[in-house]
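Written out below as structure tokens is the structure these notes cover.
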Amino acid sequence: MFDLLVINATLPDGRTDVSLAVQDGKFIAVDEGLRAPAAEVIDAQGLLVCPPFVDAHFHMDATLSYGQPRVNQTGTLLEGIALWGELKPQLTQDAVIERALTYCDWAVAKGLLAIRSHVDVCDPRLLAVEALLEVKRRVAPYLDLQLVAFPQDGVLRDPQGMDKLKRALVMGADVVGGIPHFERTMSEGALSVKLLCELAAEQGKLVDMHCDESDDPLSRHIETLAFEAQRLGMHGRITGSHLTSMHSMDNYYVSKLLPLMAEAEVNVVSNPLINITLQGRHDTYPKRRGMTRVPELLAQGINVAFGQDCVMDPWYSLGSGDMLEVASMGLHVAQMTSQAAMRQCFDAVTVNAAKILQLEGYGLAPGCHADFVLLQARDTVEAIRLRATRLSVFRRGRRIAHTPPSTAMLQLPGRPGSTAWMA
């Protein structure tokens, strides 16, 4: 007898009438039409069952701090960085932990069970690092939290920058971060990429850098990042986040850059909500939107994920941890409106992001962890269109969140008692 059997499910790949059998927290079988005894049986009624959502780029140390100590009036990236610098001395460990745990609750309710969070390591106290390590420990039973040692102010701008980053890694940070475009010069930025990638290679760490997050068409740090991935043999272990300058680069240069990135197996994280909010602020019209070239990257065989990046913090006053909102914005800005392209946007917040985090046991296949979400939608495109209700969220075969179906009671002439939940 199975612990759990989900029947009549539709999967993201389009298969229908699929049954998922769970034993000891793992999928034992995923087959069409399977019926067998189980301690609990859930009839999905043809609705979509997908692996958990994954956020490949977030800032949990700043989340839910909107308005502290003031509001970002210009809405720019640089004012957000300056505002975060004002807030850092006021941070307390308890406040960071409380906000982060609240956000993790939001995430689980939305079926988001894995997050890569960048954590600022420029504060000599490393208070935020300590706080998020504690959060990581507390949420481990229900959410995978991966921490990036992120030198928000530039690792070479600060004489102790590299030492603080190394301390964060010793404390338990998982990934080496960087921000080369914020170093003092282009050459200093390139040097930071080289040094940080070498550090990651020495310690067997992954790399995830805020890279070319500007409207400057001459910013070239992703090229350096791809070169270092190739030179150090770190194929598939390095991620370039944002890459917004690629929106402004000329096509000839990009035609050279994309094959280099593909050869080095560099991953990419685009953050649609934030990229289109912060970029193009110096433009009048025509006005650039700043999101990187997602369709072209995917066509080159490069793994691309979408991230939430910010929720109610110095850079962004909105957000709720809903990765379907992120997928929807990416779909619209990148004009990925074919059926196949819309399905790619769903992958960008699930399987592609999981690949970047190198999550073990992720997916809907025998042997994988029984982590999944039952959505009030019949396929992935409909899920994005409706921002589908997460009816049930499971972790290791155990339900950890439940939301009632979204239903409107209609009182229309001639149609008493009608209900509607989909358009």
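The values are calculated or read from the model by the stated rules, or taken from the named source; none is laboratory data. Here the structure is a predicted model, which means the values were calculated and not measured. Heads up, the Cβs are rebuilt from the backbone with ideal geometry, glycines too, and the neighbour counts pull from every protein chain shown.
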Condition set more than 19 Å from residue 234 (Cβ to Cβ) and assigned to a helix (DSSP H, G or I), scope segment 163-184, selection farthest from the chain's Cα centre (by Cα): answer is 163
Within segment 247-276, of all residues that are within 25 Å of residue 195 (Cα to Cα) and in contact with a strand residue (DSSP E or B) (Cβ under 9 Å, 6 or more places away or on another chain), the one surrounded by the most Cβ atoms within 10 Å (Cβ to Cβ) is 270
If you go through 391, 331, 324, 386, the only one that is of a type in the set (A, V, I, L, M) and in contact with a Cys (Cβ under 7 Å, 6 or more places away or on another chain) is 331
With the first residue restricted to segment 372-386 and required to be assigned to a helix (DSSP H, G or I), and the second required to be at pLDDT 95 or above and among the polar types (S, T, N, Q), Cβ contacts under 9 Å at 6 or more apart or on different chains are 380/350; 381/339; 383/376; 384/328; 385/328; 386/376
When restricted to 377, 401, 348, 353, the only residue crowded, with 21+ Cβ neighbours inside 10 Å, of a type outside the set (Phe, Trp, Tyr) and outside the structural domain of residue 266 (by TED's automatic domain parsing) is 377
So the strands (runs of 3 or more DSSP E) completely within segment 220-323 holding 2 or more residues that are out of contact with any Phe, Trp or Tyr (no Cβ under 8 Å at 6 or more places or on another chain) and among the small types (Gly, Ala, Ser) are 238-242
Expected single match for exposed (fewer than 15 other Cβ atoms within 10 Å of the Cβ) and over 24 Å from residue 242 (Cα atoms) among 74, 92 is 92
Those residues of segment 64-80 which are in a loop (DSSP other than H, G, I, E, B) and either under 10 Å from residue 314 (Cβ atoms) or within 23 Å of the chain's Cα centre (by Cα) (or both) amount to 64, 65, 66, 67, 68, 69, 70, 71, 72, 75, 76
task = Kindly indicate whether any position in segment 23-41 is under 27 Å from residue 268 (Cα atoms) and either assigned to a strand (DSSP E or B) or more than 27 Å from the chain's Cα centre (by Cα) (or both).
result = no
- Test residue 140 against the criterion of being of a type outside the set (D, E, K, R) and either closer than 30 Å to residue 53 by Cα or surrounded by fewer than 16 Cβ atoms within 10 Å (Cβ to Cβ) (or both), and give yes or no. yes
